[in-house]
Amino acid sequence: MSNYQQSKQLHERASQVLAGGVSSEFRKFNQPHPLFYERGEGNRIWDVDGNEFLDFTLSQGPLILGHSHPHVLERVTEYSKAGQIFAGQHMLELELAEKLQSLIPCAERMRFSLSGSECDHAAIRLARGYTGRQKFVRFEGHYHGWFDNAVWGNGGTKEQIGPRENPTPVAWTKGLPDRIGEEMIVLPWNDLELLEKTIAEHHEEICAIITEGVMCNNGCIPPEPGFLEGIRALCDRYNILFILDEVITGFRLGMGGAQQYFGVIPDLAVFGKAMASGYPISALVGRQKYMQLLTDGVVIHAGTMNSGNPCIAAAMATIEVLERDNTHEKLFRLGKRLIEGLQAAGNASKHKVLVQGMGPMLNVAFTDAEKVTDYRGTLDFDKAKNGAFIFGMQERGIRLIGRGLWYVSNAHTDADIDRAIATATEVLAEME
Ligand code: PMP
């Protein structure tokens with residue numbers, strides 16, 4: 001392949017108008033430079049140089065039905081003809097809310113926004129508003145959007161994060177008010193003992209514990225048995241809100257998200273990404289007694305663009321197809337084959353490869369470890385080998401997320417899984 005000429009020129013041009021040539025930090029890192037895409041359909045995407053890729057990025061998760069699903073496009077077109085946004089209520093919005101209420105265990109009430117970041121932000125505000133306490137607990141390597149409250153502890157080197165018993169909240173970016181870092185406690189994930197000890201000492205100042213249901217922003221790490229249950233028990237004991245960030249797990253692990261999959265019901269949860277096939281919509285859902293603060297206007301949530309017609313229609317259409325096609329059975333089946341096949345390819349190669357995940361999402365890493373349970377474990381991942389693998393796959397027509405996460409969609413087939421495993425085998429054999 002290796003023909004990225006048009007993309008190269010367009011990227012140079014874009015760099016004169018868009019900062020870094022992109023509209024989101026994560027798009028900067030593609031090798032050899034960000035690519036320009038022209039078209040996506042089903043399991044494939046084409047760039048401006050005519051390269052065709054089998055796509056496992058799914059636009060970082062949203063495209064659970066693949067690109068350009070006809071039912072989604074049809075519903076969006078139909079409902080947009082009636083108007084784009086009303087700054088008022090509309091029927092399909094109500095129907096979507098009723099649908100989510102019936103599907104998601106903790107969703108007694110909800111509000112719609114545009115992005116996961118906004119709803120994570122609103123959830124933390126709501127927890128502070130309800131309890132009157134300032135601090136919250138979050139976990140190393142988890143990502144809860146790019147807003148000031150949330151971008152501490154999602155990264156950092158071993159030296160920066162310090163000892164595991166008392167980690168330093170490391171800021172992801174400049175420009176954050178220093179004091180926000182003091183308003184959270186960052187802990188390693190999957191360490192219930194440490195969490196219990198910390199909560200016992202600090203519960204009087206803690207409003208919430210926020211976690212992803214499966215840690216997907218560094219590796220793809222399931223919760224250890226009892227960990228989510230342990231969070232639930234601590235929150236009950238000390239009147240702390242349990243916020244489950246379902247931006248990745250929502251509609252991916254099942255119609256009721258990670259909370260249904262693991263059988264642990266949070267107080268508040270945030271949905272986004274796969275809910276609407278790439279249209280901007282997210283949902284803050286939760287128990288009525290907490291959401292009542294929004295009802296009363298004691299805690300404020302707002303947004304001019306919230307619940308516009310195309311977004312609501314896209315969410316409705318996506319949910320209809322997910323249910324109609326029994327999609328999750330397929331995602332787990334294909335994902336399991338992918339995990340086993342990629343691990344076998346890794347084992348047969350000269351590299352140390354670890355494939356971890358749930359099926360609908362999974363991660364390929366280069367590491368000696370046989371299992372990783374937290375962010376600290378991912379710090380030993382070999383980034384150079386990962387980069388070479390991702391680029392090798394791209395060169396053979398398979399598009400992956402740069403950090404090693406794979407998403408499976410309803411549009412993927414058994415033949416796609418076979419091809420991905422065979423291609424990975426070739427790339428691993430070629431790599432130094
Ligand atoms: N939470 C999680 C778990 C995420 O993975 C992301 C995005 N990757 C977000 C929140 C933020 O969502 P958005 O990019 O829609 O703001």
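The values are calculated or read from the model by the stated rules, or taken from the named source; none is laboratory data. Remember, it's a predicted structure, so these values are computed and weren't measured experimentally. Heads up, the Cβs are rebuilt from the backbone with ideal geometry, glycines too, and the neighbour counts pull from every protein chain shown. These accessible areas exclude ligands, DNA and RNA; they are computed on the full protein's heavy atoms, side chains included. Shrake-Rupley method; radii C 1.70, N 1.55, O 1.52, S 1.80 Å.
Take every pair of alpha-carbon atoms less than 8 Å apart whose residues are at least six positions apart; their mean separation over the length of segment 1-141 yields a relative contact order of 12 percent. Think of the chain as a dipole: +1 on every Lys or Arg Cβ, -1 on every Asp or Glu Cβ, centred on the Cα centre; then among Ala87, Ile124, Val170, Ala87 lies furthest on the positive end. Please name whichever of Trp146, Asn306, Gln101 sits farthest to the positive end of the charge dipole of segment 70-324, dipole taken about the Cα centre and charges placed at Cβ: Lys and Arg +1, Asp and Glu -1. About the Cα centre, the residue reaching furthest to the positive side is Asn306. Cα-Cα pairs above 38 Å in the chain: how many percent? Within the chain, distances greater than 38 Å cover 20 percent of Cα pairs. Restriction of the trypsin sites (Lys or Arg not before Pro) in segment 167-223 to DSSP coil positions whose beta-carbon has at most 16 other beta-carbons within 10 angstrom yields Lys174.
Dipole magnitude for segment 70-324: computed about the Cα centre from +1 point charges on Lys and Arg Cβ and -1 point charges on Asp and Glu Cβ, it is near 400 debye.
Under a 5 Å amide H cut-off, with hydrogens placed 1.01 Å from N, Phe136 pairs with Met184, Ile185, Cys207 among residues at least 5 apart or on other chains.
Computed on the chain, with alpha-carbon pairs under 8 angstrom and 6+ residues apart, the relative contact order is 21 percent. Among the listed pairs Lys352/Lys385; Lys158/Lys383; Lys273/Lys383, those whose Cα-Cα separation exceeds 21 Å are Lys273/Lys383.
Within segment 70-324, the proportion of C-alpha pairs whose separation exceeds 35 Å stands at 14%. Length available on full extension from Phe29 to Gln5: 0.36 nm per residue minus the Cα-Cα distance, which gives 6.9 nm. Is the shape of segment 282-432 rounded, prolate or oblate, going by the alpha carbon gyration tensor and its root eigenvalues a ≥ b ≥ c, with a/c under 1.5 for rounded and a/b larger than b/c for prolate? Verdict is prolate for segment 282-432.
Computed 3J(HN,Hα) for segment 416-432, one whole-Hz value per residue from the Karplus formula 6.51 cos²θ - 1.76 cosθ + 1.60 where θ = phi - 60°, is 5, 5, 4, 5, 4, 5, 5, 5, 4, 4, 4, 5, 4, 5, 7, 6, 5, glycine and proline marked x. For Arg111, the accessible surface of its heavy atoms amounts to roughly 80 Å² (probe 1.4 Å, protein chains only, rounded to the nearest 10). The label-point distance for Leu18 and Ala348, in a model that sets each label 7 Å from Cα toward Cβ, rounds to 3.9 nm. Its relative contact order, with pairs defined as Cα atoms under 8 Å and 6+ residues apart, puts segment 70-324 at 30 percent.
Scalar couplings 3J(HN,Hα) for segment 318-325, obtained by applying the Karplus form with A = 6.51, B = -1.76, C = 1.60 to θ = phi - 60°, are 4, 5, 4, 5, 4, 6, 4, 8 Hz; x denotes Gly and Pro.
Note on Trp406: accessible area approximately 0 square angstrom, rounded to 10, probe 1.4 Å, nucleic acids and ligands left out. If I take all pairs of Cα atoms in segment 371-426, what percentage of them are more than 13 Å from each other? Result: 67 percent of Cα pairs exceed 13 Å.
Loop-resident trypsin sites (Lys or Arg not before Pro) (DSSP state other than H, G, I, E or B) in segment 294-392 with no more than 13 further Cβ atoms inside 10 Å of their Cβ: Lys350, Lys371.
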